[in-house]
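Here is the structure we will look at.
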């Protein structure tokens, strides 16, 4: 009869639904619930660029190119 398919539908539905709560729990454990948070430990290069932008411009999110840098050549170090 038609009700013989109910166990199969329950198993398939559970297997389709199950990854969502598993990933929610993993996110809570590993990233403290912030899905799109910056993980500085994984990508240290971007971390350095983030602080470089702050040092050069005073703001992390201002996009500045080469026009911000001085055109004067750097002074050579004097040997003592």
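The numbers here are math on the coordinates, done by the rules we state, and not lab data. No experiment lies behind these values; they were computed from the predicted model shown. Glycine gets a Cβ as well: all are built from the backbone with ideal geometry, and neighbour counts include every protein chain shown.
Here are some notes:
- Using the Cβ-Cβ distance between residue 62 and residue 14 with R0 = 35 Å, the FRET efficiency computed as 1/(1 + (r/R0)^6) comes to roughly 0.10.
- Packing order of peptides 3-16, 46-59, highest average first: 46-59, 3-16 (average count of other Cβ atoms within 10 Å over each peptide's residues).
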